[in-house]
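Working notes for the structure below.
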Amino acid sequence: MRAGTAYADITPPVFTWMTGMGPDRPRPKGVHDPLYAKALVLYDGKNKYALVTVDMNYMDFDSVKLLKTLVEKRTTIKGKNIRIISSHSHSSPGLFVLRNSPDLGFYENCPGMEERRRELALHVKASCRKIARAVYDADRSLVNAEIGFGRGRSKYNIVRWNKAGKLMRYIPDNIGMRPNQKPLNEIFVMGVREQLTGKSLAVFYVNSAHCICVCLKSDLVTADYPAYTAATVEKALGGLCMFAPGTIGDQHPRDFDCGHRAAKVMGRQLSEEILKAVKNMKYSGKLSVSALQSEYSLLPDRKAVRPKEIYTRTVMSAMTINGHALSFWPGEPFGMVTKKIKAASPFQDTTVVANTDDFKTYFVIEKEFEKYKWATGAKPWNYELKNGDRMAGLAVKLLKGLKRQL
């Protein structure tokens, strides 16, 4: 096994528009903490694979395609073996608004939209080149390595719908919240370290909670709670700490929209769990990786304002690393998706990862969605609900394909 890591600063120019919480979000007045792209390249002796985490609200299909093309031109890493995962911080730029017919209809007639598009077009081109360079640098820094896996628990994940099926309001400290079910609080942790010295190269973790501890309580760009987690873990271990969101469609931090103090508290608690998991890991110098992906077209809702113009092409993918399966989704799946995938997966250990290689809003299981009446603010705008069921079927198909390869 060989592995390499690198990172790039992708902090936008001051005043570049943030996304999250609708089109009325004002311009930021500055930057609270830098935004980063972090790359981990794994080599099993035959093929190279790249996991890339990006402190950005989302990246769209075309931007990811450009990024992968840049990497393929300069390395031997194939685009199908690269996963670009956006953190979905609501205090960072998002890139799907570049298209003339954005997926989220409420951005369509947003004031100053053309100006936003011009700014973000410049930012996305610069970011894609920086991210591609990070993957290139990671590929050039390969060393003999070993890998381990662990689990932790988050104290601060909640389900954002109450027992009446209504969206929980932003309440200071969220006093009196009554979630309608238990949250997904398990943290997936993968550690990669240099074989000769034992020095940490990267810690990759997945937590199912939106990056919205800060949100509307600050007018500064921030990576939210993952920034605090990364600062603590990287100080303790060295190397990189890479965050990937899990099924975040209906999963929030307990103290959401409460500011940087809440982000710090949550980030530090996650770092404690991650460091504990890393300490107890059993490492192996052997690596077995497989990856599959499939292009997919979403079904537009015929009641949408302009259903024929909705951008429907996207991609589903899956990867196994030493028997641990990762199901990648191009948007925000609900917790019910994780439960369905885990139940049907041929792998004992399966983790769902959101916002990978594209962004197409929420994904639900139709019967479960109707059962809990989670209609307020949760419908996948412009797309039919049954897309979630169809994509879950494709996700399981990809996982079964990987199992047959092994």
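The values are calculated or read from the model by the stated rules, or taken from the named source; none is laboratory data. Computed from a prediction, not measured in an experiment: that's the story for all the values here. Here the Cβ is made from the backbone with ideal geometry for all residues, glycine too, and neighbour counts use every protein chain on show.
The figures follow:
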quantity: Which listed residue, of SER91, SER127, SER86, is closer than 22 Å to PRO226 by Cα, crowded, with 20+ Cβ neighbours inside 10 Å, modelled with pLDDT of 95 or more and not acidic (Asp, Glu); calculated: SER86
quantity: Selection from region 62-87 of residues that are part of a helix (DSSP H, G or I) and under 24 Å from PRO34 (Cα atoms); calculated: SER63, VAL64, LEU66, LEU67, LYS68, LEU70, VAL71
quantity: Test: residue in region 42-49 that is more than 18 Å from ARG133 (Cβ to Cβ), in contact (Cβ under 8 Å) with a residue 12 or more places away in the chain, outside any strand (DSSP E or B) and among the basic types (Lys, Arg); calculated: no
quantity: Per-region count, region 350-378, residues under 18 Å from the mean Cα position of the chain (by Cα) and either at pLDDT 90 or above or farther than 21 Å from ARG302 by Cα (or both); calculated: 10
quantity: Options VAL14, VAL64, VAL71, VAL31; residue that is at pLDDT 95 or above and on the phi < 0 side of the Ramachandran plot; calculated: VAL71
quantity: Given (1) surrounded by 17 or more Cβ atoms within 10 Å (Cβ to Cβ); (2) modelled with pLDDT of 95 or more; (3) in a helix (DSSP H, G or I), index of the condition GLY401 fails; calculated: (1)
quantity: Pairs, first modelled with pLDDT of 95 or more in region 379-397, second crowded, with 19+ Cβ neighbours inside 10 Å and assigned to a helix (DSSP H, G or I), C-beta under 7 Å, six or more apart; calculated: ALA392/VAL337; ALA392/LYS340; ALA392/ILE341; ALA395/ILE341; VAL396/ILE341
quantity: Region 320-334 - residue that is surrounded by fewer than 24 Cβ atoms within 10 Å (Cβ to Cβ) and out of contact with any helix residue (DSSP H, G or I) (no Cβ under 9 Å at 6 or more places or on another chain) and, of those, farthest from LEU51 (Cα to Cα); calculated: GLY323
quantity: Residue within region 326-340 that is at pLDDT below 95, part of a strand (DSSP E or B), of a type in the set (A, V, I, L, M, F, W, C) and closer than 26 Å to ILE84 by Cβ present; calculated: no
quantity: Total residues in region 236-264, condition part of a strand (DSSP E or B) and of a type in the set (Val, Ile, Thr); calculated: 0
quantity: Top-ranked residue in region 197-223 [being surrounded by fewer than 19 Cβ atoms within 10 Å (Cβ to Cβ) and at pLDDT 95 or above; ranked as nearest to GLU234 (Cα to Cα)]; calculated: LYS199
quantity: Region 1-12 residues that are closer than 11 Å to LEU40 by Cα, paired with ones that are among the polar types (S, T, N, Q) and outside any loop (DSSP other than H, G, I, E, B) (beta carbon under 8 Å, 6 or more apart); calculated: ARG2/ASN144
